[in-house]
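Structure first, then comments.
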Amino acid sequence: MPRDAGGTGDVLRDLRTGTALEHEQVETTLALMDPHLDRDRLVDVLERLHAFWSAAEDGLDDWAARHRADAAALDWHRRRRAGLYAADLSVLGGSPGGDRPELPAVADTDAALGRLYVLEGSTLGGTFIDRHLAGVAGLPRLRCFSPYGEDTGAMWAAFRRATRAHVARGGDAARVVAAARETFAVLADWCRPAARSREVPA
């Protein structure tokens, strides 16, 4: 798959193809559709995801304070999810840790859109994860993977429109893709300690 912005004229297509490898690495590392997923590993994963989302959202909050119009156009305040991860951890008997991954500062809206592509794109696969976890015996219903419920499609469509509009106004598609790839890479590295065991229960 291409790993850079290929000049297709569509930033969303460039994001999809340009982050395909990193996206696959994250899915493989988390393996949340694993039929052998148990409560303990789910807690490990959620602790990692909470720390990552907290760090990612802190950077986006700094950006939003400097680019209020762009943040409002993206409905940033509604897209925050760190609190949902914390609440789900509490329900599962886990707790947020103190350590967080290091992410680069969000310098501008190009960088913000790249980071948000990773965060918001996860809500699409999250609907499938949510259904899978609902069928795992002994697990409570979680909110972090499907935060928008029936509005998931509408929220993703709004993000796509805002991203295309930003690039049409002069935003740099290549920088958006680079920020998304960097965010995916940090996420994969940060979550690696919670990767599933290679051993499958008998």
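The numbers here are math on the coordinates, done by the rules we state, and not lab data. Everything numeric in this text was worked out from a predicted model, so none of it was measured. Don't worry about glycine lacking a Cβ; one is built from the backbone with ideal geometry, like all the others, and counts go over all protein chains shown.
Details
- Among the trypsin sites (Lys or Arg not before Pro) in segment 127-202, those placed in a DSSP loop whose Cβ has at most 10 other Cβ atoms within 10 Å are 141, 169, 198.
- Label positions at residue 90 and residue 192, each projected 7 Å from the Cα along the C-beta direction, are separated by 3.3 nm.
- For segment 152-168 versus segment 12-36, the spacing of their alpha-carbon centroids is 20 Å.
- Within segment 172-189: backbone nitrogen closer than 16 Å to the residue 27 label point (7 Å, Cα to C-beta): 184-185, 188
- Nearest-0.05 FRET efficiency for residue 66 and residue 164, computed from C-beta distance (R0 25 Å): 0.65
- Sorted by Cβ neighbour density within 10 Å, fewest at the top, the residues 24, 120: 24, 120
- Mean Cα-pair separation over length for the chain, i.e. relative contact order, pairs under 8 Å, 6 or more apart, %: 36 percent
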